[in-house]
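The values are calculated or read from the model by the stated rules, or taken from the named source; none is laboratory data. Every value quoted in this text rests on a predicted model; they were computed, and no experiment measured them. Because the Cβ atoms are built from the backbone with ideal geometry, glycine has one as well, and the counts that use them run over all protein chains shown.
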Amino acid sequence: MHLEGTILRGPDFDPVEGRVVVADGEIVRIDATAVDSDDVILPAFVNAHTHIGDSIAKEAGEGLSLDELVAPPDGLKHRLLRAATHDEKVAAMARTLRYMESTGTGTFLEFREGGVEGVAALRDAVAGEGVAFDERAIEPVVFGRDDPDVLGAADGYGASGARDADFDAVRSETREAGKLFGIHAGERDADDINPAMDLDPDFLVHMVHAEPIHLDRLSDRSTPVVVCPRSNLVTNVGVPPIRDLADRTTVALGTDNVMLDSPSMFREMEFAAKLADLPAREVLRMATVNGAAIGGLNCGVIAEGKDADLLVLDGDSDNLAGAHDLVRAIVRRAGEADVSRVVIGGDEVVPRSD
């Protein structure tokens, strides 16, 4: 397989006219040459924080506080998840996976509720078990929750927050197993940030209420942070200090609960870019290579030897034609209608329509 157009190559997304050659799921060559194509080729997105089990309850809970919506064990989402059948959850998640693929997401880091059974439901959705879709190409990094035994089924552990339980034991277990440990922190207030950082997590999620002392700790430890600004706005907890965080550590973007927001990285990038007024290339890194680094993945950048997770946009669409700064246009205005092709692991999951 090869893709032709303007290639946003490397971590700085340097625009190069040419072709990307793919074999056995890997980028094997990037040829700089004249081509007859208006396509723009960039890495597929890495959505660094999701809860796609919430697909059963989109836009539920209007007017509820954050705790009323999502706090374990009796927040609205948890009650709805307990009430839903396995098949209902699998079917709802499968539809979200299809949407994520169609909007250019190549992989995602999922905090999956429900212990071992919750992880199994997600695996079934990915495999297309019992749903009227083909097997998905998208493969998540799954962080189990709610049960220490979930580490045998998941790629890591995703803790709800240091105020909710004592996570010292499960943190030790993830370290011994060589698996990842992530934890929510600083979403409601600053009180749980230091306890979360004391666990020496592989990454933190949210950090809306990070204070100078926490920013200094982040800088000292280089602890990555995943921010979800649209979700934070919906739940009325504030918005993260994205620029301050990015000045000190690796920052990635996530869309958080499907209950609250669509899992569109286009929308998350646009919102984050306009909220923080960061350089477009930095925001695009947050949506690609930074999330890949947090998840220990070999994708998120167009370079030889990287996994062939690629997004192709129509550079001559009514929305993108005439862009003076291509990367800025992608970050601030591109959307699903501009998607021409999506390739995940070398497989074309969204083919060109013409």
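Selection of first residues in the range 154-165 that are touching a residue at least 40 places away in the same chain (Cβ under 8 Å) and of second residues that are acidic (Asp, Glu) and in a strand (DSSP E or B), restricted to Cβ pairs under 9 Å at least 6 apart or on distinct chains, gives the following pairs, ordered by first then second residue: Gly158/Glu110.
Listed here are the residues, each with its yes/no results for (1) over 30 Å from Leu80 (Cβ atoms); (2) surrounded by fewer than 24 Cβ atoms within 10 Å (Cβ to Cβ); (3) modelled with pLDDT of 95 or more.
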| residue | (1), (2), (3) |
| --- | --- |
| Ala246 | yes, yes, yes |
| Thr250 | yes, yes, yes |
| Asp256 | no, no, yes |
| Ser264 | no, yes, yes |
| Gly300 | yes, no, yes |
| Ala303 | yes, yes, yes |
| Ala308 | yes, no, yes |
| Leu320 | yes, yes, yes |
| Ile330 | yes, no, yes |
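The set of residues from the range 194-217 being within 20 Å of Gly156 (Cβ to Cβ) and part of a helix (DSSP H, G or I) comprises Pro195, Ala196, Met197, Asp198. Do we find a residue being out of contact with any His (no Cβ under 9 Å at 6 or more places or on another chain), outside any helix (DSSP H, G or I) and free of Cβ contacts under 8 Å to residues at least 40 places away in the same chain anywhere in the range 296-317? Taking every residue of the range 296-317 in turn, at least one turns out to be out of contact with any His (no Cβ under 9 Å at 6 or more places or on another chain), outside any helix (DSSP H, G or I) and free of Cβ contacts under 8 Å to residues at least 40 places away in the same chain. Restricting attention to the range 230-237, does a residue exist that is surrounded by fewer than 24 Cβ atoms within 10 Å (Cβ to Cβ), closer than 24 Å to Arg175 by Cβ and over 18 Å from the mean Cα position of the chain (by Cα)? No; the residues of the range 230-237 include none that is surrounded by fewer than 24 Cβ atoms within 10 Å (Cβ to Cβ), closer than 24 Å to Arg175 by Cβ and over 18 Å from the mean Cα position of the chain (by Cα).
Taking the listed residues Gly10, Gly61, Gly53, the one that is farther than 18 Å from Arg341 by Cα, of a type in the set (Gly, Ala, Ser), in contact (Cβ under 8 Å) with a residue 24 or more places away in the chain and not assigned by TED's automatic domain parsing to the domain that holds Gly182 is Gly10, with no other qualifying. Only one of Asp67, Asp74, Asp12, Asp24 is under 30 Å from Val225 (Cβ atoms), of a type outside the set (Lys, Arg), out of contact with any strand residue (DSSP E or B) (no Cβ under 8 Å at 6 or more places or on another chain) and modelled with pLDDT of 95 or more. Can you tell me which? Asp12 is the lone residue from the list that is under 30 Å from Val225 (Cβ atoms), of a type outside the set (Lys, Arg), out of contact with any strand residue (DSSP E or B) (no Cβ under 8 Å at 6 or more places or on another chain) and modelled with pLDDT of 95 or more.
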